[in-house]
């Protein structure tokens, strides 16, 4: 199967640059997986497609302000001393950007450095006039850097002060409110990107869904920047998936299993929730409390064990995410739905509109 099989033409102006004032007022394209029939509605009406006893699976990860912009220090400068010679051949005072990918310890992170060629082992980067210092301790084969941070105080507070939300590269507008790149149920910090399908839910809508008798199970999968990585290989089987960390608690596993046991549906909110439950599901669709890392790659031909429905945003052409959706709802039907969405001027990607596949 070729990567180009998942290409569609998207006018640039349909890429949503800003979130809507009302989260649940986005449009919703509903597709019947069996017939391919499409229905146009608004997201707040998603409750009409849910039934008592169904289980909605949401990802409660919280995005951290993982983008840090600082300056690379020359090697001879001691900690805490201000850089004064930006013309040094050692790139004295040169701008450096660090994106936090995965926490490895109390002060150690796997990161992406930009520009990477300037972040060599032993190099140090200063953020906020020395409030936060990073030392590159290892350069990995994939180009990521392991860094050790030095700071006084609480790391999360310093990060909240100095860090920026790592918005996808296709969003060029500055985000005015950090909370708009968080779901209303975000709880556990660790993501470098938002599980964007969940951005459409409000607390009021979730309360209505619960009142209807729909159970809501939480999973945690910390989304990495690899989610934006394009598939460069023409044969999709040659693509290497990024790894992300997940966790499922027993009470949430019980809700998912109860839905299966009673003949109801398990509906994932987003591809991250889908990848989590499909990673841990047994052949009979049951899941258990566990945690670990997943690099599951779902593409057409995959047999879903646990998920019966999917709420998700519109995804980039030739991405692993549109491949996942195509595996669930059928490639031809999904590509037709995307063509219809373009024709109807839906808003695409992270801050855009949503789809429901049932």
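The values are calculated or read from the model by the stated rules, or taken from the named source; none is laboratory data. Nothing here was measured: the structure is a model prediction, and the numbers come from that model. Virtual Cβ from ideal backbone geometry, glycine too; neighbours counted across all protein chains shown.
Details
- Filtered residues of the range 236-256 (kept if without any contact (Cβ under 8 Å) to a residue 60 or more places away in the chain, outside any loop (DSSP other than H, G, I, E, B) and out of contact with any strand residue (DSSP E or B) (no Cβ under 9 Å at 6 or more places or on another chain)): 238, 250
- Filtered residue count, the range 131-143, keeping only those that are at pLDDT 90 or above and not in a strand (DSSP E or B): 2
- Considering residues of the range 218-235 that are surrounded by 18 or more Cβ atoms within 10 Å (Cβ to Cβ) and touching a strand residue (DSSP E or B) at 6+ places or on another chain (Cβ under 7 Å) only, the residue farthest from residue 280 (Cα to Cα): 225
- Taking the conditions (1) in contact with a helix residue (DSSP H, G or I) (Cβ under 6 Å, 6 or more places away or on another chain); (2) free of Cβ contacts under 8 Å to residues at least 40 places away in the same chain in turn, residue 215 satisfies each one other than (2).
- Those residues of the range 303-355 which are over 14 Å from residue 10 (Cα atoms), in a strand (DSSP E or B) and touching a helix residue (DSSP H, G or I) at 6+ places or on another chain (Cβ under 6 Å), in sequence order: 310, 311, 312, 313, 354
- If you go through the range 6-59 and keep only what is without any contact (Cβ under 8 Å) to a residue 24 or more places away in the chain and not in a loop (DSSP other than H, G, I, E, B), you end up with 12, 13, 25, 39, 41, 42, 45, 48.
Each row is one residue, and each column tells you yes or no for (1) modelled with pLDDT of 95 or more; (2) under 25 Å from the mean Cα position of the chain (by Cα); (3) loosely packed, with under 12 Cβ neighbours inside 10 Å.
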{"site": "9", "(1), (2), (3)": "yes, yes, yes"}
{"site": "17", "(1), (2), (3)": "yes, yes, no"}
{"site": "28", "(1), (2), (3)": "yes, yes, no"}
{"site": "37", "(1), (2), (3)": "yes, no, yes"}
{"site": "43", "(1), (2), (3)": "yes, yes, no"}
{"site": "50", "(1), (2), (3)": "yes, yes, no"}
{"site": "77", "(1), (2), (3)": "no, no, no"}
{"site": "86", "(1), (2), (3)": "no, no, yes"}
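- Only one entry in 108, 183, 172 is more than 30 Å from residue 16 (Cβ to Cβ) and either within 20 Å of the chain's Cα centre (by Cα) or modelled with pLDDT of 95 or more (or both), namely 108.
- Hey, residue 197 within 23 Å of residue 241 (Cβ to Cβ) and part of a helix (DSSP H, G or I) or not: yes
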